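Worksheet for the structure shown next.
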Amino acid sequence: MTGVSVDIDDRQVKEALSRLIGQVRPVLDKLAKVVVTRADLSFRGQQSPDGAPWQKLSDATLRRRRGSSAQILKDTGRLASSISAQPASAHEVIVGTNVEYAAVHQFGNPANRMYNTPRGNPAPIPPRPFLPTDGLPDEDRDAMIDIISRALMEAVHGG
């Protein structure tokens, strides 16, 4: 029988894949930092991750505020400073907050009864998103693609 034998040396490919696997955690940490930074920019700019301005504070809220704090969602700074990234597994990271009232501000609460109006009616809290839940701005996506591309290039080239 006539045949052809092909011998493939796959050591370089295996080495590159091993380097890439070793980069998963650092890459996830860098990707999470992009999201944390976006949240920080939301608080600083008083706007959603996509750049839409947050609804202004109501007159009643402004009257309740301590001193002259008129920054939206930054009365004490607790929520803004709580945004962090936590490893969920070797291949997953979660960005979020453990502040119990975060979801109310992220998504709003039209039936809010915590601070009722003088007549006892609900005082709605409008959504003021600070975490990107509907996708990232183009510049953040580009930054993430760059992070992943660099990790791939380092794995392939042994850097």
### Task
Find me the longest stretch of the chain that has none of the exposed trypsin sites (Lys or Arg not before Pro), where exposed means in a DSSP loop (not H, G, I, E or B) with at most 14 other Cβ atoms within 10 Å.
1-55
### Message
Taking θ = phi - 60°, what integer Hz values does the Karplus form 6.51 cos²θ - 1.76 cosθ + 1.60 yield along region 5-12, in sequence order, with x for Gly and Pro?
### Response
10, 10, 10, 10, 8, 9, 4, 5
### Task
With the full set of protein chains in place, find how many percent of the accessible area of the chain is carbon and sulfur; take the probe as 1.4 Å.
54
### Message
Normalised radius of gyration for the chain, please: alpha carbon Rg relative to 2.2 N^0.38 Å, two decimal places.
### Response
1.56
### Task
Multiply the residue separation of Val4 and Met153 by 0.36 nm, subtract the distance between their alpha-carbon atoms, and state the gained length in nm to one decimal.
50.2 nm
### Message
Give the lysines reachable from Lys56 as a straight Cα distance under 25 Å; neighbours fewer than 8 places away on the same chain don't count.
### Response
Lys74
### Message
Taking the alpha-carbon distance from Lys33 and a cut-off under 16 Å, which aspartates and glutamates remain once sequence neighbours fewer than 8 residues away in the same chain are dropped?
### Response
Glu92, Asp138, Glu139, Asp140, Asp142, Asp146
### Query
Once amide H atoms are placed 1.01 Å from N in the peptide plane, what residues at a sequence separation of 5 or more from Ser48, or on another chain, have their amide H within under 5 Å of its amide H?
Trp54
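The values are calculated or read from the model by the stated rules, or taken from the named source; none is laboratory data. Remember, predicted model here, so these are calculated numbers, not experimental data. In this analysis, Cβ positions are derived from the backbone assuming ideal geometry, glycine residues included, and neighbour counts consider all displayed protein chains. These area figures cover heavy atoms from the full protein model, side chains too; ligands, DNA and RNA do not enter into them. Shrake-Rupley method; radii C 1.70, N 1.55, O 1.52, S 1.80 Å.
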